[in-house]
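First comes the structure, then the notes that go with it.
Each value in this text was obtained by applying a stated rule to the coordinates, not by laboratory testing. Keep in mind that this is a model prediction, so the values were computed, not measured. So basically every Cβ, Gly included, is an ideal-geometry build from the backbone, and we count neighbours across all protein chains shown.
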């Protein structure tokens, strides 16, 4: 999708909309983006949720509301989605796919084409590469419905016509960043791993201004 708002490597100060900015990884994305000199806007559900996001332009709204998304997208160059959803062993999960469907429509209307979206190890064709504990115990017992929605989310993005990157982190931790990230699309021989949220944030922000992983779904891990 070509537009005046397509991000490229020469863009001096990208203007990004962050979804999921109040989550653990989302907060680090906002913090690191501001440190890089990005202009950052965060869509949050309530003013109380915005505590700690000082420096970002805060817009109140629901990520599933296309009108709120269109409003938040005004003047933006790119979207970074760090939307997450709680563990849900029994109840169906639709937040990720419904918000992403609304986002794609809003981005097309706003002529914003660059989307960097965090999903997770185990989504799409990375299923079965999380290691024994993740694949056989954690995912089926706690995350099966969450990952069904991640798969729907990825399918929506793949068919969107946007300039997208799907980032699939391995198991997240809150350790100090190592800056040593493996980004893989060939997962033969890969069976699980972990990565710091801060390293995920750095990798995600790198994708705003480069086409290295455009149209691909790298799994990132230490």
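What to note about this one:
- Label point 7 Å beyond Cα of residue 46 along Cβ direction - residues of segment 69-101 with amide nitrogen under 19 Å: 84-86
- Shape call, segment 97-222: gyration tensor on alpha carbons, a/c limit 1.5: oblate
- On Cα atoms only, tilt of 95-110 relative to the major axis of the chain in degrees: 30 degrees
- Sequence of 164, 222, 213 once ranked by neighbouring C-beta atoms within 10 Å, starting from the fewest: 222, 213, 164
- In this simple spin-label approximation, residue 36 and residue 144 carry label points 7 Å from Cα along the Cα→Cβ vector, and these lie 3.8 nm apart.
- Every helix of 4 or more DSSP H residues in the chain counts as -39500 (n - 2.57), and over all residues that averages to -8500 deg cm²/dmol at 222 nm.
- Span from the segment 161-221 Cα centroid across to the segment 91-154 one, whole angstrom: 14 Å
- The modelled label-to-label distance for the pair residue 136/residue 67, using points 7 Å beyond Cα in the direction of Cβ, is 5.2 nm.
- With Cα atoms, 0 to 90° folded angle of helix 197-206 axis to the chain main axis: 50 degrees
- Seen against the Cα atoms of the chain and their longest principal axis, helix 24-35 is set at about 40 degrees.
- Extension gain, residue 180-residue 125: 0.36 nm per intervening residue step, less the Cα-Cα distance, totals 17.4 nm.
- Extension gain for residue 194 to residue 94 (0.36 nm times residue separation, less C-alpha to C-alpha distance): 33.4 nm.
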